[in-house]
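J.: One structure coming up, written as structure tokens, with questions to follow.
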């Protein structure tokens, strides 16, 4: 399985499938910034709004596909300030429930890490719900736990949950 980077027009074309992935992920209980029930129209509008950031170079988005359908995605929010050109934030790593357990999360994570390093990024960071299944993926991929912030974000049911911050060096310090 390979991940493909989307430019702005391809992101716009895939917005419907990405909206379906997002709504299914939220329905499944993952804390990715949205509350349940997430309306497909809201998810679609959110993905379409990402196209400008992709076109401007502030966001990179990759997808995996199976039988022509989107099965997963990951994004990198790229630096926009002079003192942060060495780092990026990994965001919205999602794998469709029907495609889990086959290494897609690792494929997406590895793809984003390699692309960041190739772009001169040396440090990645992310946040994820504490005790979520995603934590195992990040730890097994060599990410370092930086700490936990209590009551950081609401899960899809609106309950405040702690968030764990992780970082990973993907290249030598600049």
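Since every read-out is calculated from the coordinates, none of them should be taken as a lab result. This one's a predicted model, so the numbers in the text were calculated from it and none came from an experiment. So basically every Cβ, Gly included, is an ideal-geometry build from the backbone, and we count neighbours across all protein chains shown.
J.: Does residue 48 satisfy the criteria of being surrounded by fewer than 20 Cβ atoms within 10 Å (Cβ to Cβ), closer than 20 Å to residue 129 by Cα and free of Cβ contacts under 8 Å to residues at least 40 places away in the same chain?
T.: When the stated conditions are applied, residue 48 does not pass them.
J.: Could you identify the single residue in 99, 116, 112 that is over 21 Å from residue 129 (Cβ atoms) and touching a residue at least 12 places away in the same chain (Cβ under 8 Å)?
T.: The conditions single out 116.
J.: Further question: Keeping to region 150-174, report how many residues are in a strand (DSSP E or B) and over 19 Å from the mean Cα position of the chain (by Cα).
T.: Residues meeting the conditions: 3.
J.: Do we have residue 128 as farther than 17 Å from residue 75 by Cα, in contact with a strand residue (DSSP E or B) (Cβ under 8 Å, 6 or more places away or on another chain) and crowded, with 18+ Cβ neighbours inside 10 Å here?
T.: No, not satisfied.
J.: Which residues, taken from region 60-116, are surrounded by 18 or more Cβ atoms within 10 Å (Cβ to Cβ), farther than 20 Å from residue 168 by Cβ and touching a helix residue (DSSP H, G or I) at 6+ places or on another chain (Cβ under 9 Å)?
T.: Of everything in region 60-116, those that are surrounded by 18 or more Cβ atoms within 10 Å (Cβ to Cβ), farther than 20 Å from residue 168 by Cβ and touching a helix residue (DSSP H, G or I) at 6+ places or on another chain (Cβ under 9 Å) turn out to be 63, 64, 70, 71, 96.
J.: Taking residue 38 as meeting all but one of (1) surrounded by fewer than 17 Cβ atoms within 10 Å (Cβ to Cβ); (2) over 16 Å from the mean Cα position of the chain (by Cα); (3) outside any helix (DSSP H, G or I), write down the number of the exception.
T.: Status for residue 38: all satisfied but (1).
J.: If you check 67, 13, 20, 24, which single one turns out to be in contact with a strand residue (DSSP E or B) (Cβ under 9 Å, 6 or more places away or on another chain), without any contact (Cβ under 8 Å) to a residue 60 or more places away in the chain and under 18 Å from residue 97 (Cα atoms)?
T.: One residue alone meets the criteria, 20.
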